[in-house]
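Visitor: Pasting a structure below so you can have a look.
The values are calculated or read from the model by the stated rules, or taken from the named source; none is laboratory data. For clarity, every value in this text was computed on a predicted model and none was experimentally measured. Because the Cβ atoms are built from the backbone with ideal geometry, glycine has one as well, and the counts that use them run over all protein chains shown.
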Amino acid sequence: MEPLNLDGPMRRIAKKHGIDLSKLDIQKILDARDARKEQEAIRFTQINNQIKKKRLYNSSLISDFEDLSQTFEDFRITDAKQKSEFDKAKNIAERISNGEIGNYTFAGNAGSGKTMLAISILNYINQNNDVKSCYFASFSMLVNENINGIHDPGQRRDALRVESCIKNCNVLVLDDLGSETAMKSDTREASDYTQSLLFRIADYRKSKVNIVTTNNSSKELQSIYNSKIYSRLIAKKANNAIRFDSKDMRNV
């Protein structure tokens, strides 16, 4: 620790204000100075982390960026089923914000609010946890970007950037899993390319928070994807899964 310089200007200032330097607790002054420096460093780190978190979240892979601002306050509850789904999602948000990790699955009808509540969870965490970083990825957009990147260097760079975000964020929403098979007449197994992509994601996301939304049932997902992918990304605990049976909110 550097000594306090009591020579020159400091002595003249002390004399002018009638301060007896010999009676000061120099060590206490030094400790107070170091404490101020430490608090300033902590504040700077927190500000820097918030900037990084916001930048990561705002780079999410989503078709309409306005949707990223959705919160629990925006969710309109019209019946008992929606109230139950809302309460379960709010409980999951609180648990994740308080440090819980694991896989969470929102499955059910299209338009029933799965994605909106998943985004609301991310915004709840952004507001209540200074450490956890969040990212949203539309799975169909992710697959298309990767496939197009095979022949397009620009899209390949974009795909690698998105994959890096998926790898590094603390809380991931992987939205609409199974959507790449939606145009087929049945839920046949996903392509080798898609399976390979999901294997990488599953490896990245070990011991992190993964929220998967899907229109498919558990049985359908198991028929589409390799069992290891299903095991690593889909919720195993009942209180980590929400079954959406309510009406299509887009028609409300």
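Visitor: Among the candidates ILE125, ILE119, which residue alone is aliphatic (A, V, I, L, M), surrounded by 14 or more Cβ atoms within 10 Å (Cβ to Cβ), in contact with a Phe, Trp or Tyr (Cβ under 8 Å, 6 or more places away or on another chain) and not in a loop (DSSP other than H, G, I, E, B)?
Guide: On inspection, the qualifying residue turns out to be ILE119.
Visitor: From the list SER140, SER112, SER84, which residue is closer than 18 Å to SER217 by Cα and part of a helix (DSSP H, G or I)? Before the answer, list the steps.
Guide: Working: SER112 fails: part of a helix (DSSP H, G or I); SER84 fails: closer than 18 Å to SER217 by Cα.
The conditions single out SER140.
Visitor: May I pose another question? Restricting attention to the range 228-237, does a residue exist that is out of contact with any Phe, Trp or Tyr (no Cβ under 8 Å at 6 or more places or on another chain), modelled with pLDDT under 90, surrounded by fewer than 18 Cβ atoms within 10 Å (Cβ to Cβ) and not charged (D, E, K, R)?
Guide: Among the residues of the range 228-237, not one is out of contact with any Phe, Trp or Tyr (no Cβ under 8 Å at 6 or more places or on another chain), modelled with pLDDT under 90, surrounded by fewer than 18 Cβ atoms within 10 Å (Cβ to Cβ) and not charged (D, E, K, R), which makes the answer no.
Visitor: In the range 139-157, what residues are buried (at least 16 other Cβ atoms within 10 Å of the Cβ) and without any contact (Cβ under 8 Å) to a residue 60 or more places away in the chain?
Guide: PHE139, SER140, VAL143, ASN146, ILE147, GLY149, GLN155
Visitor: With the condition kept exactly as written, say whether any residue in the range 170-186 is in a helix (DSSP H, G or I), at pLDDT 95 or above and β-branched (Val, Ile, Thr).
Guide: no
Visitor: For residues that are among the hydroxyl-bearing types (Ser, Thr, Tyr) and part of a helix (DSSP H, G or I), scanning just the range 202-227, find the one that is surrounded by the fewest Cβ atoms within 10 Å (Cβ to Cβ).
Guide: If we take residues in the range 202-227 being among the hydroxyl-bearing types (Ser, Thr, Tyr) and part of a helix (DSSP H, G or I), then SER227 is surrounded by the fewest Cβ atoms within 10 Å (Cβ to Cβ).
Visitor: Shifting gears a bit: Quick check on VAL131: is it closer than 23 Å to LYS206 by Cα, outside any helix (DSSP H, G or I) and at pLDDT below 95?
Guide: Here the answer is yes, as VAL131 does meet what is asked.
Visitor: Which numbered condition in (1) in a helix (DSSP H, G or I); (2) surrounded by fewer than 16 Cβ atoms within 10 Å (Cβ to Cβ); (3) without any contact (Cβ under 8 Å) to a residue 12 or more places away in the chain is the only one that PHE199 fails?
Guide: Just one mismatch for PHE199, condition (3).
Visitor: Continuing with the same structure: Could you run through the range 124-142 and say how many residues are within 10 Å of the chain's Cα centre (by Cα) and among the charged types (D, E, K, R)?
Guide: 1
Visitor: Scan the range 4-27 and give yes if some residue there is exposed (fewer than 11 other Cβ atoms within 10 Å of the Cβ), in a helix (DSSP H, G or I) and modelled with pLDDT of 95 or more, otherwise no.
Guide: no
Visitor: Do you know which residues across the range 73-105 are of a type outside the set (Asp, Glu), at pLDDT 95 or above and loosely packed, with under 12 Cβ neighbours inside 10 Å?
Guide: Correct list: ASN98, GLY99.
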